[in-house]
1. As an exercise: evaluate residue 504 against (1) touching an Asp or Glu at 6+ places or on another chain (Cβ under 9 Å); (2) away from the ligand (no atom under 16 Å from the Cβ); (3) modelled with pLDDT of 95 or more; (4) part of a strand (DSSP E or B) and give the number of the one condition it does not meet.
2. State whether one or more residues within segment 573-587 are surrounded by fewer than 20 Cβ atoms within 10 Å (Cβ to Cβ) and not hydroxyl-bearing (Ser, Thr, Tyr).
3. Which one of these is closer than 22 Å to residue 268 by Cα, within 12 Å of the ligand (Cβ to nearest atom) and of a type in the set (A, V, I, L, M, F, W, C): 472, 464?
4. Taking the conditions exactly as written (over 23 Å from residue 591 (Cα atoms), surrounded by 23 or more Cβ atoms within 10 Å (Cβ to Cβ), in contact with a strand residue (DSSP E or B) (Cβ under 7 Å, 6 or more places away or on another chain) and of a type in the set (D, E, K, R)), does residue 315 satisfy them or not?
5. Which one is farthest from the ligand (Cβ to nearest atom) among residues in segment 406-416 that are modelled with pLDDT of 95 or more and either in contact with an Asp or Glu (Cβ under 9 Å, 6 or more places away or on another chain) or part of a helix (DSSP H, G or I) (or both)?
6. Given (1) within 12 Å of the ligand (Cβ to nearest atom); (2) touching a residue at least 60 places away in the same chain (Cβ under 8 Å), identify the lone condition not met by residue 392.
7. Among 362, 332, 378, 399, which is the only one that is of a type in the set (Lys, Arg) and under 24 Å from residue 302 (Cβ atoms)?
8. Do you know which of the residues in segment 445-460 that are part of a helix (DSSP H, G or I) and more than 16 Å from the ligand (Cβ to nearest atom) is farthest from residue 472 (Cα to Cα)?
Amino acid sequence: MSGDPGDGQGGDRRPVGLLVRLAYATIDDFRLRFAPNLSRGGVFVQTRAPKPVGTAVAFELRLSTGEKVIRGEGLVRWVEAEDPGATPPRLPGMGIQFTKLDAASRLLVEAIATGREAREAGGAATPPARGMTTHPPGQRPPVATPEPSLAPADLAPPTLTRPGATPVPATAGTTPTQAELDRPHRVEQLLAGVAPVPIPLPAVPEPITRPSRAVIGIDLGTTNSCAAVVRDGRPYVIPSREGHRTIPSIVALTSRQTLVVGHLAHAQLLTNPAGTIHGAKRLLGRPFDSAVVEELRGRYAYQVVADAEGMATVKLGPLTLTVEQVAALILREVKEVAQNHLGEEVNRAVITVPAYYNERQRQAVRHAAGLAGLQVERILNEPTAAALAYAYGRHLKQRVLVFDLGGGTFDASVLELQDTIYQVVSTGGDNFLGGVDFDARITDLLLRHYEKQVGTGFTGDRVALSRLADAAERAKCALSERTVFPLQLPFLALHEGKPVSLEVTVTREELERLVGPLVDRSIDVCRDVLLARGLAVADIDEVILVGGQSRMPLVHRKVAAFFGKAPSRAVHPDEAVALGAALLAHSLESAEGVVLIDVLSTSIGIALPGGQVKTILHHNTELPVRKQYGLSTTRDGQTEFELVVLQGESELAAGCEYLGTVALTGLPPGPRGMVKIVVAFEMGAECLLTVSAREMHTQRQVSVRMSTRPGPGGAQRQVARGTRSGAPAIHGGLHATVTPPAPRTPPPARGHRG
Ligand code: AMP
């Protein structure tokens, strides 16, 4: 991601600004003549003053008229020396690998590359581009030495025309002269500093014309995201631009009104908490007035508002971003990092989501991926991904429990592994249990120390509070490695005009006392998840710990005490999910397929009059599943009705999450009660819901439209109001008549198969 020099965050990586003045006056000339110097991965710029290899550059390629054609950022990956002895004389230059292009430039580069490929496919002897092209993973892109297929004569006029290409019509006044073309492009340092390339807000899904060869696995995490890929049969994590193994799932607006993502965004979390969006994954696909969003609003320093359709949306200075857009910016960063690393186009991915994500949240991830220019090959549940990382290729026969304690949430899933079959048998979790809750306990401790020291409550502002929370997290992480941590916060706040500093020594023992009840809650969830299937702790062969917070020694100890065995150390807690996703991506492309069998993490039902819920698909039901439900009309001549679909375990509609409204229209008019409809709920392997309906008398398919947005009124509010007033929640006043609700499946007691 670009450094924003104005914020001084770029450090040594601050790009050098380059203005490249080309000899061409028209975009057509540019497209035809410049094509050999351009590929999707980069550009070769002729210049007598190339920058040293490794220089980060922010560049603009402009026509001789001053019109900008390509704008972006990149890294100098090779420098080519002048060769006056060559025929024709070879000009010096530098190959720049793109790290970022603005949207218009990307389209132009894509169009030029596609055009060249079409010509190549058509048999024209077009020289390959000298910009970055595909190269093996882990290797540098090929150095653009003259292509062997290029006879020297092919390079005239100087290096830019292509053999076999349609001659460029000499348009008076636009086509450059030979002398002009002989000149290197003029490269000037941009004196006014680098204009940061604004990250365009993704607004519409980017069309994918050519699915990429590479398919990556992405763990779109609450705190950090991670990408992985399989090469030569081995999965590995793709490092971030900065060389880290994960990318913070953070988007921020800098003081220069530039959007930054990842580590750069994280850098300003402390100084500009209101302009830094973190933890957005928890808001994804949720209505503004849902209980979860209400709870989270109090925790985040940035503003969460409702959009016109009632969905949670975030404010970032003057910008209003949908949560899908925030996720798309993170996914686009991951995609670009992967492209830079692999040196080839990446537009396909397997993306993981928490097992508890509902239908709408999964759709939101798909939508975000589309905005980021990624085609989702599969949405994969995080625990299953972790199990894949643990067991892939090991031909195991085991029952495992994946214990996933991340930054914001906790998930526990039992899976039965049998060679290539990964079957989830029970799953559960707590949406409000994660690392941030641990941090909050330490922050409270620090606030108590402050009060004791100063004699009054905390007087600091938001930035000071962020510093406290950050210090609390640092102390927590440090105490996973050591037993004592001295914490120093100089000039934290002002009290009676004087600066107050805080110095506290936190011990592991103290931390464990504070957070013990939180770890106990995670163990309670494990107990419930086992009970739901009649399993005992002895039935679990291995416990796999994932999620950053699971690194805490107390978590290890409590898990070991509960399960009677130490948890497995076979997978990396931060990387297992991405590696599992990459392995699934690999298996989808190869013959070594795996079979994934999942269960429904949260029950799905419909709202009934009086604010009750009728469960249609039950929690822990094996997927895919199809259940039918019978309805009949309650009014003479009724031709349509609506069903409010909810997800949750509560018997009351108000306690469940609104999923959508199904509108059934085009029913044949008939006397009340005589028109009967069978509605089928189908949940596929990826937990995506389809609803269909058939009118029983004529057997005609009824048109079904599921709208997943609550609308400005908020269906959740509607349902809740219905509950209080006793008004019917199902429009049209229908009642269920045919199929009784499916009984909750008793947990089958399964023997130990390990
Ligand atoms: P994740 O969402 O899996 O990236 O987990 C992030 C959470 O893990 C954050 O709350 C971190 O503070 C926490 N975390 C990371 N490393 C450690 C550590 N060594 N000890 C305790 N917690 C950690």
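1. It fails just one condition, (1).
2. The answer is no, given that none of the residues of segment 573-587 is surrounded by fewer than 20 Cβ atoms within 10 Å (Cβ to Cβ) and not hydroxyl-bearing (Ser, Thr, Tyr).
3. Numbers: 464 fails: within 12 Å of the ligand (Cβ to nearest atom).
Unique residue meeting the criteria: 472.
4. The answer is no for residue 315.
5. 414
6. Residue 392 satisfies every listed condition except (1).
7. 332
8. 454
The values are calculated or read from the model by the stated rules, or taken from the named source; none is laboratory data. Small disclaimer: the values here were computed from a predicted structure and weren't measured. All Cβ positions, even for glycine, are placed from backbone atoms using ideal geometry, and neighbour counts span all protein chains on display.
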